[in-house]
1. I'd like the carbon and sulfur percentage of the solvent accessible area for the range 4-55, probe radius 1.4 Å, heavy atoms only, ligands and nucleic acids excluded.
2. Could you tell me the relative contact order of the range 1-153? Use alpha-carbon pairs under 8 Å, at least six residues apart, and round to a whole percent.
3. Just report the Cα centroid separation between the range 57-97 and the range 123-160, whole Å.
4. List the aspartates and glutamates whose Cα lies under 14 Å from the Cα of residue 302, skipping any in the same chain that are fewer than 8 positions away.
5. Tell me the label only: which of (i) 30, 30, 21; (ii) 31, 25, 22; (iii) 43, 22, 19 is semi-axes √(5λ) of the Cα gyration tensor in Å as calculated from this structure?
6. Please sort 85-93, 120-128 by packing, taking for each peptide the average over its residues of neighbouring beta carbons within 10 angstrom, highest first.
7. What residues from the range 194-208 fall in the zone where the backbone N is under 20 Å from a label point 7 Å along the Cα-to-C-beta line of residue 50?
8. Let a ≥ b ≥ c be the square roots of the eigenvalues of the Cα gyration tensor of the range 264-366; is it rounded (a/c under 1.5), or, if not, prolate (a/b larger than b/c) or oblate?
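The values are calculated or read from the model by the stated rules, or taken from the named source; none is laboratory data. Small disclaimer: the values here were computed from a predicted structure and weren't measured. Cβ placement follows ideal geometry from the backbone for every residue including glycine, while neighbour counts extend to all protein chains displayed. Surface accessibility is based on the protein's heavy atoms, side chains included, excluding ligands, DNA and RNA. Shrake-Rupley method; radii C 1.70, N 1.55, O 1.52, S 1.80 Å.
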Amino acid sequence: MKKTKNYSYKNNDLAKGCELCVKGRKLVIFITGVCQNKCYFCPISEAKYKKDVIFANEMPIENINDIIHEAKLCSARGAGITGGDPLTRLDRTLRVIKLLRDKFGKAFHIHLYTPLNNASPDVIKKLENAGLDEIRFHPDLDDETLWRRTKIATTMSKGVEIPVVPNKKEQIKKLIDFIQGSVQFLNLNELEYADAKHNKLAELGFEPKSDLSYGVKGSEELALELLKLYPKMNIHYCTTKLKDSVQLMNRITLRAKNVKKPYDKLNGASLIRGAIYLKELTPDFGFQKKLAKANKEKILEKLEKAKEKLKPHLKYLDIDENKLRILTSRQELKQKASVVKKLGYIPYSTEELATYDQFEIESEEL
C-alpha cells in the first residue's frame, strides 16, 4: 500500500481515467439524473437527482455540441460520463461518446460510470463500438443478483467503483472476492455526506469524521484495511480531499487560464475582478432567487445603457449574461467607484471560481 501525493492510497496501478482525473484533465459529463436505484448515500444535488438534465462540469447543456466548448475551456484530455445512470439514456450517451471521439481523436480518454441494471453484452458492445475506453460498474452491495454482469467480456478497460460504507465490510469483501480476476481495477471512494434530502446517511446514524470534512467516520479506516487485505489487486482509495482540493481545483485552475479576461487577476482557480450591478439586482442575500425571477431581456437592455454611460470612465466593460452585471478591472473600478455610484450603479470587488456558475468566494461593495 502506498500513499500518493494527492491524499489518496493505492495498491499497484491506477486506472487511466483516474490518472487524468487527478490532474484535472477530465471533463465531467453528467448525462442524466435518471436512475432506477435509490441509494441512501447518493451524493447528487437535488437539482439533478432523478431529473433528465445534462451538465458539462458546472455548465447546463441544452445543445450537445456545447460539451465540446466546455471541454476546450478546461483543456480536457478526456471525459468521465456519469449520472444517474447513463445507460438509461443510451442513445444520448452513445452520441456524446462519438461526438468526443470524432472531435478529439483516439487519444482523448473516455470513461463511464454505471450501476448494473442496464448492463448487458449488447449494450457493452455498443459502448465499445462508439469509442468508450473504460467502464466502471457500481454493484449493489446488498443485492448480489446482478453481480455476474461485472464479468461481461469486453475489450474496454473494466473496473468496479464503490463507496466504502463502514458497516458493509463483509459485503465489500465478498464483492472483491467475486470480481478478482475479471476486472482490471477497483476504486474505493470515501463515503461522504451530501446536502440533499435523498441522502439518508445522517438518518441512518453515520457521522462525519470531523467538522471540516464531508467524509464519513470509519470509511477511511475500512478502506485502508481492504488495501492491506488485497495487496495484489489494482486498488485506489479516493478521498474527499483528493476530489475537492486536488481534482476539482486542478480542473478549475486549467479553466481559469482559458477564460481569464485582460482585466482579470488570476489567483489559482479563481479570478479577481470588478463587477458593476444595477440597484435592483445586487449580490446581497437572496441574489440567486432574484436572478432566477429577473426579466433577463429588460435587465440586459438596462445593462447596455449602463455600459454606454460608463464607457468614458472605464476601459474594460463586459456584460455578463449569466449573472446580469458588468465586469471590469477591479483596480480601475476602485479608482472610479464614486463616479459609478453617481451614475446610479453599484461597484463591487469580487473573487470567484472560474467555473461556469462563477461561484463567489468573496464579494465586497466598493
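1. Numbers: 1370 of 2470 Å².
About 55 percent, which is the carbon plus sulfur part of the accessible surface.
2. Taking the mean separation of contacting Cα pairs over the length of the range 1-153, I get 21 percent.
3. Rounded to whole Å, the Cα centres lie 19 Å apart.
4. 280, 318, 320, 321
5. (iii)
6. On the way: 85-93: 19.9, 120-128: 15.3.
The packing order, highest mean first, is 85-93, 120-128.
7. 194-204
8. Values: a/c = 1.56, a/b = 1.03, b/c = 1.51.
The shape class here is oblate.
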